[in-house]
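All of the numbers you see were taken from the coordinates with simple rules; none came from a lab. These numbers come from a predicted model, not from an experiment. Cβ atoms come from the backbone with ideal geometry, glycine included; neighbour counts cover every protein chain shown.
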Amino acid sequence: MLATFTATVGSGLGVIVGVLVAVAGIGVIAGVTGGALGVAVTIFLLFDDAVIGIALGAGIYAIGIRMVTRAQAAGGTCTGEHGVGIGKRDALLAQAGPEAVATMRALKQALDPRGILNPGKVLPDA
């Protein structure tokens, strides 16, 4: 499975360096993109567990979760412009709060009463 993790942080040089060091030399593409004037940077990890192995993929997943948590602690976001997805569903609760997630869940239910559009992909489990 090809997987990506992204996190956006205003000025988290420590987050960036920590992630790049953690994945150096293990078959992961890691990068940083920046917004205008360095207002926000997005850190991303790309990997394919079919190439690097499932166990290593799980380790990279753990690095991605730590990256998102550190970005949020530094005032950043788990989503940026990239969305949430399966890997960051639980981070959405920390990012938006229970009331906002409840509102999102109610909107999802109203627009998708049969639950057939991207089931289980965005909102954390209730």
Q.
Just to check your reading of the model, which residue among 107, 92 is touching a Ser or Thr at 6+ places or on another chain (Cβ under 8 Å) and hydrophobic (A, V, I, L, M, F, W, C)?
A. 92
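Give 108, 88 a once-over and let me know the one that is more than 29 Å from residue 60 (Cα to Cα) and surrounded by 15 or more Cβ atoms within 10 Å (Cβ to Cβ).
Values: 88 fails: more than 29 Å from residue 60 (Cα to Cα).
When all the criteria are applied, what remains is 108.
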Q. Can you tell me which residues in segment 81-117 are of a type outside the set (A, V, I, L, M, F, W, C) and under 21 Å from residue 65 (Cβ atoms)?
A. 81, 82, 83, 85, 87, 88, 89, 90, 95, 97, 98
Q) So, in segment 65-85, of the ones that are surrounded by 12 or more Cβ atoms within 10 Å (Cβ to Cβ) and of a type in the set (D, E, K, R), which residue ends up nearest to the chain's Cα centre (by Cα)? A) 66
